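A.B. asks: Quick one: the structure is below, questions incoming.
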Amino acid sequence: MPAVVQNTPVSIPQPFIQELLARTDVVDVVGRYVELKKGGANFMGLCPFHGEKSPSFSVSPAKQFYHCFGCGKNGNAISFLMDHAGLGFVEAVQDLAQRVGLQVPDDDVSPQEKERAAAARQKQATLTDVLEKAADAYRRQLRESQRAIAYFKGRGVSGAVAKRYGLGYAHEGWRSLASVFAHYDDPLLEESGLVIVGEDGQDKRYDRFRDRVMFPIRNVKGECIGFGGRVLGDDKPKYLNSPETPVFHKGRELYGLFEARTAIREAGYALVTEGYMDVVALAQLGFPNAVATLGTACTPDHVQKLLRFTEAVVFSFDGDNAGRRAARKALDGALPHATDTRSIKFLFLPAEHDPDSFIRANGTDAFAKHVSEAMPLSRFLVEAASENCDLGTAEGRAHMASNARPLWTALPDGVLKRQMLSELADLTQLKAQDLADLWGEAAGRDAIRPSTAAAAGSAPRHTPAGYTDGPPPWAPQDADPWQPAGEPAPGGYATGYSKPPFRKSSGDWKPGKNWKNRDRDAPWPPQPRLPRTPTASRADHAARLLLSHMAFLDELTHDDHATLCAQAAPHGLLFSWLEAQFHEHGPLPWAVLRESLREHECEALALKVMTGSHAQTEGALQELQLELRDLLNRMQIEDIEAEQKVLMLQAAQDPTALERYRVLEQKRKVLRGVAAKAA
Ligand SMILES: [Zn+2]
């Protein structure tokens, strides 16, 4: 991601977005990535979001909307670029604007900022141009080098795979690139990392990559942002990467992600390997869904980026000690993202193998079997914590608990985290509550309450004193069509809810013993009074929860994102903006968001929902999250019902409309079931 540009808060007025969407044809945009065929009023193709053999992905030129009847994915041209091409909101808007010749307005940015951003954008474009040109040259040079060709052939790489990954070769000479670029002393060559300038200056310029097979590293848009180079023999260093540049950040980029996107969706998971040769070899051997980190440990940024494309990740490591260490780092990177809906696993190959050699020795099926039996994150966490600890002694168990604490703390709140607490407590021969208390005390009561207290099973509240003059902030504040306006409940919840919805709204929640015991006397942070805000809508409330707990965005499904972004202005716009921020920066506190929102057209809305005493969203994260879940379910039900009305009208002419209606009806029933339970 071009960090320099994205760090500038950009606000894009809603009328501009409308104008942009009016001038853009979603069929063209989707058609850049998916082969579409006209079928009736719509265009059909193979869905790029799920693996399928017959087309159920439809693009409507009339509605400027795409929709998959298989997986339910839908949206407009902007969301397609975000979801399929992995662009941020602002990037997607800029991409479309550029194509239709519109200038994205950015009046709220100071002239200096604007200039800086434009210069940075220009610099990035120039750097990628330079790198693309070098990549072309390396590809040509590969065709001329029998040695390099022999190297790839020796590793079993076919011409087709070499082409797909744009593999190349850098000549032996010190200044081979002088024949590619007219001005070898152009500072851009140094800035792009292609040329190294010695300390004495001009005289000591030379190519960084010499006599190496070259792996161009592409960003999610497919632009070349750097290179990895491997020696053909046994020279050192074996692998050499481009340095950090304005377009290349090792800690954030994954080799092969651009090439693997579709395969990841089809396979249903991404395989993360240790090096580019693994990626290329795996693609050759029938696993085109592999990516690799770039000579760095796997970071949370890497994991987050990957999780935009799939909910399932398998990390594969060589069986040696270095592989084991790398796996441990990957565990650290993955923990914050290990939500209940995701699957994160670790595959350890036998000591002598990398994926390539393993498949050659044991075959594709054996590797696939290994992948399916990979170690779940939960087990690896326990193994990592128990390393060098003798669980047969109290000291060993105490040591294990101390190792486990930071790992467990890094997990997001949810069912997995609770289960891990029980499991770790069993291993230490403590009660889960005791372990949670211990860890809680060590961290300081206040600091840990949001995560630890929630996970320790203290989330459901008894009605605290003071909630006598209005509903709690998580109560729905507008009328529900299927929810009779309620009597004030004994606890003082004066809405349709007789109990706080978080009690039951998660179907698969199975509170254990500790949970119940804890329920009765859990301490609560002081809560301000919560006056009723009759005009607040669900969208307001969802905005409030997300602005105060941006990390919740990470837990949402694609449907949730679509629902939020499809809200009418200004809500939809605020959600899109927030998502773009999240994509670029990760979760930010409200104080930071508030600054970024200055003079943004969503500023008023954000301030409205975030100020006043009703804005308090304190309390256990778990319950706030369940509250958001409940809101989203209800919003989705409304959306479905609206779409169903339209489909009923179309059903007479279009048999697919009826089919779609039925699919939606199923979905609606499920959502209503959950919503009813919550109430
Ligand atoms: Zn689909």
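Just so it is clear, none of the values below were taken in a lab; they were calculated from the coordinates. These numbers come from a predicted model, not from an experiment. Don't worry about glycine lacking a Cβ; one is built from the backbone with ideal geometry, like all the others, and counts go over all protein chains shown.
A.B. asks: For the stretch 133-276, build the convex hull from the C-alpha positions and give me its volume per residue in Å³.
C.D. replies: Each residue corresponds to 124 Å³ of Cα convex hull volume.
A.B. asks: Let me ask something else. Can you compute the charge dipole magnitude of the stretch 262-401 about its Cα centre, using +1 on each Lys and Arg Cβ and -1 on each Asp and Glu Cβ, nothing else charged? Give it in debye, rounded to the nearest 20.
C.D. replies: It comes to approximately 340 debye.
A.B. asks: Tell me, what is a quarter of the convex hull surface for the C-alpha atoms of the stretch 199-245, in nm² with one decimal?
C.D. replies: Averaged projected hull area, Cα only: 4.5 nm².
A.B. asks: May I pose another question? Can you give the extra length, in nm with one decimal, that the chain gains between ARG147 and ASP654 once fully stretched, where that is 0.36 nm per residue apart less the Cα-Cα distance?
C.D. replies: Additional length available on full extension: 176.5 nm.
A.B. asks: Could you calculate the contour length gain from THR126 to LYS163, that is, 0.36 nm times the residue separation minus the distance between their Cα atoms, to one decimal place in nm?
C.D. replies: On the way: separation 37, 0.36 × 37 = 13.32 nm, distance 2.40 nm.
Full-extension gain reported as 10.9 nm.
A.B. asks: For the stretch 275-373, just run the numbers: alpha carbon Rg, then divide by 2.2 N^0.38 Å, N being how many residues it has.
C.D. replies: Compared with the compact-globule rule of thumb, the stretch 275-373 sits at 1.03.
A.B. asks: In nm, to one decimal, how far is the modelled label at GLU113 from the one at GLU387, with both set 7 Å along Cα→Cβ?
C.D. replies: Between GLU113 and GLU387, the simple spin-label model gives 4.4 nm.
A.B. asks: What do you get for Rg/Rh over the stretch 8-160 if you use C-alpha atoms and the Kirkwood form of Rh?
C.D. replies: Numbers: Rg = 20.5 Å, Rh = 18.7 Å.
A ratio of 1.10.
A.B. asks: DSSP beta bridges in the stretch 226-300, what fraction antiparallel, as a percent rounded to 5?
C.D. replies: Restricted to the stretch 226-300, the bridges split so that about 60 percent are antiparallel.
A.B. asks: Explain nothing, just compute: Karplus ³J(HN,Hα) = 6.51 cos²θ - 1.76 cosθ + 1.60, θ = phi - 60°, for every residue of the stretch 569-574 in order, whole Hz, x for Gly and Pro.
C.D. replies: Going residue by residue, I get 4, x, 4, x, 5, 5 Hz, with x marking Gly and Pro.
A.B. asks: Same structure, new question: Could you size up the charge dipole of the stretch 6-112 around its Cα centre, putting +1 on the beta carbon of Lys and Arg and -1 on that of Asp and Glu, and report it in debye to the nearest 20?
C.D. replies: The dipole of the stretch 6-112 has a size of about 580 debye.
A.B. asks: Within 14 Å, Cβ to Cβ, of LYS38, how many net charges do the neighbouring residues add up to if Lys/Arg are +1 and Asp/Glu are -1? Can you show the working numbers first?
C.D. replies: Details: positive: LYS37; negative: ASP25, ASP28, GLU35.
Every neighbour counted, the sum reads -2.
A.B. asks: Could you tell me which of GLN64, VAL30, ASN74 has its Cα farthest along the dipole of the stretch 1-153 towards the positive end, charges placed at Cβ (Lys, Arg +1; Asp, Glu -1), taken about the Cα centre?
C.D. replies: The one lying farthest along the dipole's positive direction is VAL30.
A.B. asks: For the stretch 260-325, what class follows from the C-alpha gyration tensor (a ≥ b ≥ c being the square roots of its eigenvalues): rounded when a/c is under 1.5, otherwise prolate if a/b is larger than b/c, else oblate?
C.D. replies: oblate
A.B. asks: Same structure, new question: Mind checking the stretch 91-196 for chymotrypsin sites (Phe, Trp or Tyr not before Pro) that DSSP puts in a loop (not H, G, I, E or B) and that have at most 13 other Cβ atoms within 10 Å? Don't skip to the answer; put the middle values down first.
C.D. replies: On the way: sites: TYR138, TYR151, PHE152, TYR165, TYR169, TRP174, PHE181, TYR184; in loops: TYR165, TRP174, PHE181, TYR184.
Hits after loop and neighbour filter: TRP174.
A.B. asks: Would you mind calculating the relative contact order of the stretch 351-443 from Cα pairs under 8 angstrom and at least 6 residues apart, reporting the percent as a whole number?
C.D. replies: Reported as a whole number, the value is 18 percent.
A.B. asks: Right, here's the next one. Separation between the ARG324 and TYR184 pseudo-spin-labels, each 7 Å from Cα along Cα→Cβ, expressed in nm?
C.D. replies: It is 4.8 nm.
A.B. asks: Right, something else. Sequence gap at least 6, Cα distance under 8 Å: using those rules, report the relative contact order of the stretch 228-367 to the nearest whole percent.
C.D. replies: Details: 232 pairs, mean separation 30.8, N = 140.
Reported relative contact order: 22 percent.
A.B. asks: Measure off 7 Å from each Cα along the Cα-to-Cβ vector at GLU266 and VAL415, then give the distance between these two points in nanometres to one decimal.
C.D. replies: 3.2
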